[in-house]
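Notes for the one structure printed next.
The values are calculated or read from the model by the stated rules, or taken from the named source; none is laboratory data. As the structure is a computational prediction, the values presented were derived from the model and not from experiment. Neighbour counts are summed over all protein chains in view; Cβ atoms, including those assigned to glycine, are modelled from backbone coordinates with ideal geometry. To get the accessible areas, we keep the full protein, side chains included, count just its heavy atoms, and leave off ligands, DNA and RNA. Shrake-Rupley method; radii C 1.70, N 1.55, O 1.52, S 1.80 Å.
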Amino acid sequence: MQLTNDHICRGLSILTSVLLLSLGGGMYVLLRPRVILLFRMIDRIGLGSWVDAQRAHFAGFVLPEWVVYCLPNGLWSASYILLMDAIMKHRSLHERLAWACVIPVLGVISELLQGMGMLTGTFDTIDLACYAVPFLIYAALPWIRNRNETQTQSVCSPKCKKS
């Protein structure tokens, strides 16, 4: 099997997706308070002491609250979008956008429901942005690419030059 640019792009998208997912997960486990439900599961599978040892290495880090509490959501949202793009690469733009928006839309809805008191949690506009911005960038890219190609064609194409 010959390796093509398409294979390389898909592989890079999947690798980037895994890295973003891992970075967000690592931030969540290493920087968030130990009272969240995830830590009960970590303890149950016997990794509590190992995770606590890793957390000790980061105990002195002082990061802005939005980095600790909101950025992981944005990283997970971006990770999902990249994975869906890699999986749906040969589908129509509308299909790719429909699949890519699932997690960001669910994140935005959950934040809005928290704001209305219909879902437990704390409403945060930065969380809202962290869910939405990766999708908005992804959705804008085809338009930006198309616009750049159109401008390049009008500047370089001999058909467009006036005599």
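Odds and ends about this structure:
- Which numbered condition F61 fails, given (1) more than 15 Å from the chain's Cα centre (by Cα); (2) surrounded by fewer than 20 Cβ atoms within 10 Å (Cβ to Cβ); (3) modelled with pLDDT of 95 or more: (3)
- Subset tally (residues that are open to solvent by less than 40 Å² (accessible area, probe 1.4 Å) and either over 24 Å from the mean Cα position of the chain (by Cα) or without any contact (Cβ under 8 Å) to a residue 12 or more places away in the chain (or both)) for the range 12-27: 1
- Hits in the range 99-125 - residues which are within 18 Å of A140 (Cα to Cα) and surrounded by fewer than 18 Cβ atoms within 10 Å (Cβ to Cβ): W99, V102, V105
- Tally, over the range 28-47, of residues that are in contact (Cβ under 8 Å) with a residue 24 or more places away in the chain and not hydrophobic (A, V, I, L, M, F, W, C): 2
- Flag if R96 is over 25 Å from V35 (Cβ atoms), buried (at least 20 other Cβ atoms within 10 Å of the Cβ) and not aliphatic (A, V, I, L, M): yes
- Where a residue in the range 49-61 is farther than 12 Å from V29 by Cα and its partner, wherever it lies, is of a type in the set (S, T, N, Q), with Cβ under 6 Å and at least six apart: none
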